[in-house]
């Protein structure tokens with residue numbers, strides 16, 4: 001039986017003293033982050049663009065992992081049927 005899939009996304013916007021980093025960086029916990037300047041943080045269009053920029057690699061990685069797991073399950077199921 002095929003199970004449902006839960007999609008969960010958490011976005012945090014927190015102040016930091018770290019230097020600006022405009023390219024998303026993957027953290028040890030698997031999250032992606034970037035650091036924007038004060039002017040970007042107070043402009044709704046710019047902060048939305050920054051959130052989407054940070055979110056894009058996280059989406060791509062999560063989807064890739066999802067399909068990898070599906071492929072493994074299908075392969076395992078086919079191997080079990082073949083025996």
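Counting other beta carbons within 10 Å of each Cβ, put 8, 60 in order, fewest first. Walk me through the numbers before you get to the answer.
Working: 8 5, 60 11.
Ordered from fewest to most neighbouring Cβ atoms within 10 Å, 8, 60 come out as 8, 60.
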Starting from the Cα coordinates of the chain, work out the convex hull volume and express it per residue in Å³. 109
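Calculate, for residue 77 and residue 28, the FRET efficiency according to 1/(1 + (r/R0)^6) with r their C-beta to C-beta distance and R0 35 Å; round to the nearest 0.05. Write down the numbers at each step before the final one.
Working: r = 33 Å, r/R0 = 0.95.
Calculated transfer efficiency: 0.55.
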Rough spin-label spacing in nm, given labels placed 7 Å along Cα→Cβ, for residue 56 and residue 13: 1.9
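Since every read-out is calculated from the coordinates, none of them should be taken as a lab result. It should be emphasised that the depicted structure is a prediction, and the values quoted were computed from it without experimental measurement. Note: ideal-geometry Cβ built from the backbone for every residue, glycine included; neighbour counts use all protein chains shown.
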